[in-house]
Amino acid sequence: MKWIDLPPVWLAAFIALAWVQARYYPMGLDFGGLWVVDLLAGMLVGGGVLLMVLAFAEFRRHRTTVIPHNTPTALIQSGIFSRTRNPIYLGDAMILAGLILWFDAVLSLALIPVFVWVIERRFIIPEENRMRRAFKAEFARYERKVRRWI
């Protein structure tokens, strides 16, 4: 059951909800088929994937875990982590937003803040608590310097 409680599984579930809403319950709402919506959707998905790739590269460079329930062996403050403390989760939210636009799932826009709330409660807050215990003053300085999201 532990594999179910991973961010990609939550992201997939929210994406599936958005797709179901767009496919079976559109309620006559859409973004009007504008090409700019598809462009924005592509930029959000591409930007989200880019954030994730940059974050994974930093994890690899610092040789620490990317698994959310494990305590990292290094506090990463370089690269994309100098701009946001949670680039992978930000990337997840961007991908969800982009796919909602691409699916033309207007009602599913409400899923984005719900997804962010779930990710914060399920993963970010416990991760930050583990990092506070592991890195103490160094994490406190990092937390003051770099925002959680953007």
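Laboratory data are not the source of any read-out in this text; all were calculated from the coordinates shown. Keep in mind it's a predicted model, so treat the numbers as computed, not measured. Here the Cβ is made from the backbone with ideal geometry for all residues, glycine too, and neighbour counts use every protein chain on show.
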What number, rounded to the nearest 500 deg cm²/dmol, is the helix-based mean residue ellipticity at 222 nm of the chain, given -39500 (n - 2.57) per DSSP H run of at least four residues and division by all its residues? -21000 deg cm²/dmol
Just to confirm a number: summing +1 for Lys and Arg and -1 for Asp and Glu over residues other than residue 134 whose beta-carbon lies under 11 angstrom from that of residue 134, what do you get? +1
How far apart, in nm, are two points set 7 Å out from the Cα along the Cα-to-Cβ line at residue 83 and at residue 121? 3.0
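How much FRET efficiency would the formula 1/(1 + (r/R0)^6) give for residue 12 and residue 67, where r is the Cβ-Cβ distance and R0 is 22 Å, rounded to 0.05?
0.80
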Where in the chain are the DSSP H helices whose C-alpha atoms run 15 Å or more along the long axis and whose mean Kyte hydropathy is at least -1.0? 7-24, 35-62, 87-103
Could you tell me what % of all Cα pairs in the chain have separations over 29 Å? 23
Given 0.36 nm per residue, what is the gain on full extension from residue 146 to residue 134 after removing their alpha carbon distance, in nm? 2.5 nm
How do the peptides 8-20, 31-43, 83-95 rank, highest first, by the average count of neighbouring beta carbon atoms within 10 Å per residue? 83-95, 8-20, 31-43
How far apart, in nm, are the 7 Å Cα→Cβ label points at residue 75 and residue 24? 4.7
